[in-house]
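S.K.: To start, I am sharing the structure in question, which I have written as structure tokens.
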Amino acid sequence: MTILGGCEFPDGLLYFVERTQMTWVRLEGDTVLVGLTDPAQTRAGKVLHVRIKAAGTARERGKPLATVESGKWAGPVMSPVSGVVSEPNPEVEKDPTLLNTDPYGKGWIARLKVTHPDEVNDLLRGEAALAKFREILERDNIHCVRCQS
Amino acid sequence: MTDPTTAPPDPEGKKILMIMTSGPEDPDKTYAPFYTAALMAAMEIDTTMYFLMHAPELLRRGAAERVPLKKGGNLKMFIDMARENGVKFLACAESCRDLCEIAEGDLLEGVQLVGSATLADLALDADSVISF
């Protein structure tokens, strides 16, 4: 685990960081688990609603996988790779604050069956990911907080 | 009426036209439309906001920063969020000229000036029209 600006970045994850997107990806064979990073959930604020694409929905890389709204922020969670939604997380739909309180655990958003495995190579990892986050946290003056449910 | 126990149909590809008539004279009426439009665009709904009467004032360069919100901050972040998510902004040319006295060059980048006939076209073409 690395901590930058109070934001946690667990070891072993891949990251999709483009425009306003800051999501994490965990490789699980031919599927991936996707969720919001600590700075992403901090920027969103306490999440009030989340809507995830239904199982079976095909998503191209960069197309919305879910929408998140907090009252101060409303936006898409883009799919970090092309794939088919195999499992939206029903728990975060019932309790969206899991995105804030446990973003790398119970707050995962969806599981995708990857259709273009080569796209995984485009995700950031290790020191390259941390360098990118360091730049964003400084630029946008983000200091992570975990609101309570 | 939508049954809340079943998943709603995916709105991707639908078109919504949002008509905005309030300007900086009524700050409380400005935030929700931009927030809602931003959310709709994030849901992949083709979302257009049409600004008429005093609403184009909100699109004047530097104006949103001077519209305070009760929850703190100002309107600019919500306008930015809507644009970032892909909401299209159209301003009524007649309102800009006759009511607001805004020249095209004074509007935020990317705002398109259109005539009233365009409003009719957009309303007829949209799946739903929402007025604020």
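Each reported figure results from applying straightforward, stated rules to the coordinates on display, with no laboratory input. What you see is a predicted model; the values in this text were computed from it and never measured. Positions of Cβ are backbone-derived with ideal geometry, glycine not excepted, and every protein chain shown enters the neighbour counts.
S.K.: Filter the GluC sites (Glu not before Pro) in region A:22-95 to those in DSSP coil with at most 13 other Cβ atoms within 10 Å of their Cβ, and list the result.
M.R.: Hits after loop and neighbour filter: A:GLU60.
S.K.: Distance between Cα centroids, region A:74-149 to region A:13-68: provide it in whole Å.
M.R.: About 4 Å separates the Cα centre of region A:74-149 from the one of region A:13-68.
S.K.: Further question: Can you tell me the length gained on complete extension of the stretch A:ALA131 to A:ARG26, counting 0.36 nm per residue apart and subtracting the Cα distance?
M.R.: Contour length minus Cα-Cα distance gives 35.9 nm.
S.K.: Let me ask something additional. Mind scanning A:LYS72/B:LYS70; A:LYS46/B:LYS88; A:LYS46/A:LYS94 and naming the pairs with a C-alpha gap bigger than 20 Å?
M.R.: Violating the 20 Å Cα-Cα cut-off are A:LYS46/B:LYS88.
S.K.: If you rank B:MET53, A:MET1 by fewest surrounding Cβ atoms within 10 Å, what's the result? Working shown, then result.
M.R.: Numbers: B:MET53 16, A:MET1 8.
Ranking B:MET53, A:MET1 by Cβ neighbours within 10 Å, fewest first, gives A:MET1, B:MET53.
S.K.: Next up: What Kirkwood hydrodynamic radius do you get for chain A when you take the inverse of the mean 1/r over all pairs of distinct Cα atoms, in Å?
M.R.: Taking the inverse mean of 1/r over all distinct Cα pairs, chain A comes out at 15.0 Å.
S.K.: What's log10 of I(q)/I(0) for chain B at q = 0.15, 0.22 Å⁻¹, Debye sum over Cα points only, no solvent?
M.R.: Values returned for q = 0.15, 0.22 Å⁻¹ are -0.69, -1.35.
S.K.: Return the FRET efficiency for the residue pair A:ASP95, B:LEU124: r is the Cβ-Cβ distance, R0 is 41 Å, and the value is rounded to the nearest 0.05.
M.R.: E(calc), rounded to 0.05, equals 0.50.
S.K.: Points 7 angstrom from Cα along the Cβ direction at A:VAL145 and A:ASN121: gap in nanometres?
M.R.: Going from the A:VAL145 label point to the A:ASN121 one covers 4.3 nm.
S.K.: Only four residue types carry charge here, +1 at the Cβ of Lys and Arg and -1 at the Cβ of Asp and Glu. Report the dipole size of region B:1-121 about the Cα centre in Debye, rounded to the nearest 20.
M.R.: In debye, rounded to 20, region B:1-121 gives about 280.
S.K.: Further question: What is the order of B:MET77, A:MET78, fewest Cβ neighbours within 10 Å to most?
M.R.: Starting with the residue having the fewest Cβ neighbours, the order is B:MET77, A:MET78.
S.K.: Based on alpha-carbon positions alone, could you give the equivalent ellipsoid semi-axes of the protein assembly as shown from the gyration tensor, as √(5λ), descending, whole Å?
M.R.: Details: eigenvalues 254, 94, 56 Å².
Rounded to whole Å, the semi-axes are 36, 22, 17.
S.K.: How large is the Rg to Rh ratio of region A:93-149 when both quantities use alpha carbon positions and Rh follows Kirkwood?
M.R.: That ratio equals 1.05.
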